[in-house]
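The values are calculated or read from the model by the stated rules, or taken from the named source; none is laboratory data. Every value quoted in this text rests on a predicted model; they were computed, and no experiment measured them. FYI the Cβ positions are ideal-geometry reconstructions off the backbone, even for glycines, and counts take in every protein chain you see.
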Amino acid sequence: MSVAPGAELRPAAESDCAALAALARSAHSHPWTERQYLDSIHAGHQCWLLTMPDGTAVACCVLMPLPDVFEVLDVAVSPQWRRRGIARALLKAIFERLPGSAETVLLEVRTGNTGARALYRSLGFREDGLRRNYYPAANGAREDAVLMSLPLR
């Protein structure tokens, strides 16, 4: 993966859950907890961690395998590493590692996350619909989720 010299993309282990949660806290308004990452690992989800040579956690992605489909549950990039193509490289590297039986990747993203939506569209995702009032937002409000899919074949 050509994100930075020496960067390593690897499956996350239970021992990485604290680092994953810290990364999520730095990246998201409603971050996953250490327990949620641990539960995902135990559930057999694909949990990927991108680290720098010094061990710094830079990005992560969690995918849930379903028959013929993988659903992206979480993507986080450390704020100081954003706008460098890391999310694009991370997702492309992970999608290349999916089994040949995978036909589609699904995800949902906040309607207001225009940067992520543009990234996903540039990777070939299409916007399939909305899930109304799906995400918690500031001041007790709710935000819609955009449902997206990427055909792999």
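Below are the figures for this structure:
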quantity	calculated
Given (1) without any contact (Cβ under 8 Å) to a residue 40 or more places away in the chain; (2) in contact with an Asp or Glu (Cβ under 7 Å, 6 or more places away or on another chain); (3) of a type outside the set (Asp, Glu); (4) not assigned by TED's automatic domain parsing to the domain that holds residue 140, number of the condition residue 80 does not satisfy	(2)
All positions within segment 113-153 that are free of Cβ contacts under 8 Å to residues at least 40 places away in the same chain, touching a helix residue (DSSP H, G or I) at 6+ places or on another chain (Cβ under 8 Å) and in a loop (DSSP other than H, G, I, E, B)	123
Qualifying residue in segment 105-126 (condition: out of contact with any Lys or Arg (no Cβ under 9 Å at 6 or more places or on another chain), more than 26 Å from residue 57 (Cβ to Cβ), among the hydrophobic types (A, V, I, L, M, F, W, C) and at pLDDT 95 or above)	no
When residues of segment 130-153 are limited to those that are farther than 26 Å from residue 93 by Cα and small (Gly, Ala, Ser), the one modelled with the highest pLDDT	141
Qualifying residue in segment 85-94 (condition: closer than 18 Å to residue 29 by Cβ, assigned by TED's automatic domain parsing to the domain that holds residue 29 and surrounded by 17 or more Cβ atoms within 10 Å (Cβ to Cβ))	yes
